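The values are calculated or read from the model by the stated rules, or taken from the named source; none is laboratory data. This is a predicted model, so every value here is computed, not measured. SASA here: full protein model, heavy atoms, side chains in, ligands and nucleic acids out. Shrake-Rupley method; radii C 1.70, N 1.55, O 1.52, S 1.80 Å.
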Amino acid sequence: MWRRLLGRSDPRKATFTPEHLDGLEALDKFKLARAYIEHENTLIGQRITWFLTLQGFLFTAFFLTAQLPWKDGKPMAGLWMLADVGTIVIAFLGAGSSLLVFVLLAMALRELELVGAWWAKQRDRGGFPPVTADPSPVNAHCFSIAFVIVWIALAVAFQIAKDM
């Protein structure tokens, strides 16, 4: 049903393109727009949940690896290489996943903007309210950039502490 209404055979290829929906009643258009928004909001929520869960695991792994070469406050020479490579790899995974989530959330927010713009252009809205709120000056995906900065800072701090 959704493929027929949205006119897509592959939902991954196109953005919200509702030109063919002009023949629908206002209530059907409203329900379709709300369903699309609910779907995108669900995706955003799932992506943020999985992202924060992954970041928690990566932070734990990073700090466990960073403390690996220390025993009783003294450095253990044989484990520095493992800790050095391990922290770099974990920081790279953390920063990379943060950038990926930034892109995925930006795409979902763009879809929401397109739905809101389409609904705002409708002449016959049947008295229904706007389907989206005004966008925030700081979008939800910007927090992932903060994680990139934190991962870079942690990697640099570990390298500085190693050389002391």
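Within the full protein context, the accessible area of Leu82 is estimated at about 100 Å² for a probe radius of 1.4 Å.
With every protein chain in place and a 1.4 angstrom probe, the accessible-area ranking of Asp28, Asp84, largest first, reads Asp28, Asp84. Arg47 contributes an accessible area of around 70 Å² to the protein surface, as traced by a 1.4 Å probe with all chains present.
Express the accessible area of segment 29-123 per residue in Å², computed with a 1.4 Å probe while the remaining protein chains stay in the model. Walk me through the numbers on the way to the answer.
Details: 5600 Å² over 95 residues.
Solvent-accessible surface per residue comes out at 59 Å².
Accessible area per residue (1.4 Å probe, heavy atoms of protein chains only) ranks Met76, Met81 as Met81, Met76, with the largest value leading.
On full extension, the segment bounded by Leu43 and Lys162 gains 38.8 nm, given 0.36 nm per residue less the C-alpha separation.
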